[in-house]
Amino acid sequence: ARDIETVLDIVHNGFKIVFNIPRVFYFLLDEKKNILTGFCSSNDTSHKIIKSIALSLSNQSSLLIKCIKELKVQTSLKTSHGQELAISDNQIIRLFKTKGLYCIPINSSEKASGVMVLGVDETTAKNLEDNKGLVKLFSKQTAVCIQSIRDYKEYAVDIHEKKMQAYSTLTDKVIHEINNPISIIKNYIETLGLKLPDKHPAQEELVFIGEEMNRVAGLLDQLRSFSRPKIDGFELVDINQVCQSILELLKKSILLPRQIEAAINIDPEIPRVKTDLNGLKQVLINLVKNAAEAMDKGGKIIVTTRFLSESQKTLINEKKQIPGNIELIISDNGPGIEENIKETLFEPYTTTKIGSSNSGLGLSIVHSIVKELNGKIRCESQKGKGTSFIITLPVISSKRE
């Protein structure tokens, strides 16, 4: 299986076949947020509810938290007489419409990936107890698969991050080494211009050389934007308004001359996002310009905004919400991107414009800025059908240290 959802669906089917248990809820560990997040089959009637809830690891009264911390099976059918269940546990029992809960830690060692939660009665619980070895095998194999997928994803991200960091370090060094002689040359040009008479024939050549030096300095600034994107500060931003203003800004200068139609598909329910306004604007401008420049014979660009409601979690027991994410999609119906380019699309000096003199820094700058905004960006493209850049940003964020 390539993703965790597929693994969990396979395990769910296993419980259905072996133990005749029709429903399984999973609560997976998110170590960064210190919570367990819910998941279940997309065919389950409680799918949306389970996906929207989470449990804090500080919720000591919950059987789920006890299960993951002690790495032992926990069941509500064995609680001490008179002992009340946690509110969260009772809510999950109501969703199952069963007598009790049976919680199984998902672990293959001393570290757990989450908890499998089953709705049970006494007969089902006894059947599970009688087959502890098989239940443990389910748990272990699930944990191994989840960890393998997570390790693979983390490894891929780590390799990419190290590669981008290497580019950034090299770029910093190049900028520093080139800036020194540029400054010296510009000073000599200015000094030479002052020494020569105003109408000396060489004055015109000196002006031309000065302009070329400024152009080189401008290219270095582009490099610096990739290496160290400037993020001013985070503030609450109306994403829909920003998208509309960017399209209006580029309409006359970029879109109309190329006979490109621009449309916007906004989510009116999208919350204001805490992010860097100027950084976000630069990302949008770069992506819209990139799309426009790829369509010489006209076309259409659509900017879509939407709130990912399933990413917002409610901490049951605490009546507290964890803000989710929003998505920005810039789509075009242009020529698409070649497969061999897609693999290195966000690396510097990769250009999607065949035969152009483009520096190939635009998308790498976009990637760097999105990263500084604590977001993610990916590309979907089909040859001859068009390209979409999908940006995911947290609703609440802060400047990276």
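Only residues that are closer than 20 Å to Lys99 by Cα and at pLDDT 90 or above: list them for the stretch 50-64, please. Scanning the stretch 50-64 gives Ile50, Ser62, Leu63, Leu64.
Taking the criterion of being of a type in the set (Gly, Ala, Ser) and closer than 17 Å to Gln244 by Cβ, the residues of the stretch 261-291 that qualify are Ala262, Ala263, Ala291. Considering the conditions (1) of a type in the set (Gly, Ala, Ser); (2) touching a strand residue (DSSP E or B) at 6+ places or on another chain (Cβ under 9 Å); (3) under 18 Å from Phe389 (Cβ atoms), Gly279 is excluded by exactly one of them, (2). Kindly check whether there is at least one residue in the stretch 12-20 that is within 17 Å of Asn317 (Cα to Cα), of a type in the set (A, V, I, L, M) and in contact (Cβ under 8 Å) with a residue 40 or more places away in the chain. The answer is no, given that none of the residues of the stretch 12-20 is within 17 Å of Asn317 (Cα to Cα), of a type in the set (A, V, I, L, M) and in contact (Cβ under 8 Å) with a residue 40 or more places away in the chain. For the stretch 328-386, filtering for residues that are at pLDDT 80 or above, within 30 Å of Ile396 (Cβ to Cβ) and assigned to a helix (DSSP H, G or I) leaves 10.
Mind checking whether some residue in the stretch 102-125 is crowded, with 21+ Cβ neighbours inside 10 Å, assigned by TED's automatic domain parsing to the domain that holds Ile35, assigned to a helix (DSSP H, G or I) and of a type outside the set (A, V, I, L, M)? No, the conditions are met nowhere in the stretch 102-125. Screening the stretch 156-182 for residues that are more than 35 Å from the chain's Cα centre (by Cα) and exposed (fewer than 12 other Cβ atoms within 10 Å of the Cβ) and picking the one that is farthest from Lys371 (Cα to Cα) gives Pro181.
Within the span defined as the stretch 111-119, one or more residues are among the polar types (S, T, N, Q) and farther than 13 Å from Phe15 by Cα.
The values are calculated or read from the model by the stated rules, or taken from the named source; none is laboratory data. Everything numeric in this text was worked out from a predicted model, so none of it was measured. Reconstructed Cβ throughout: ideal geometry from the backbone, glycine too, with neighbour counts over all protein chains shown.
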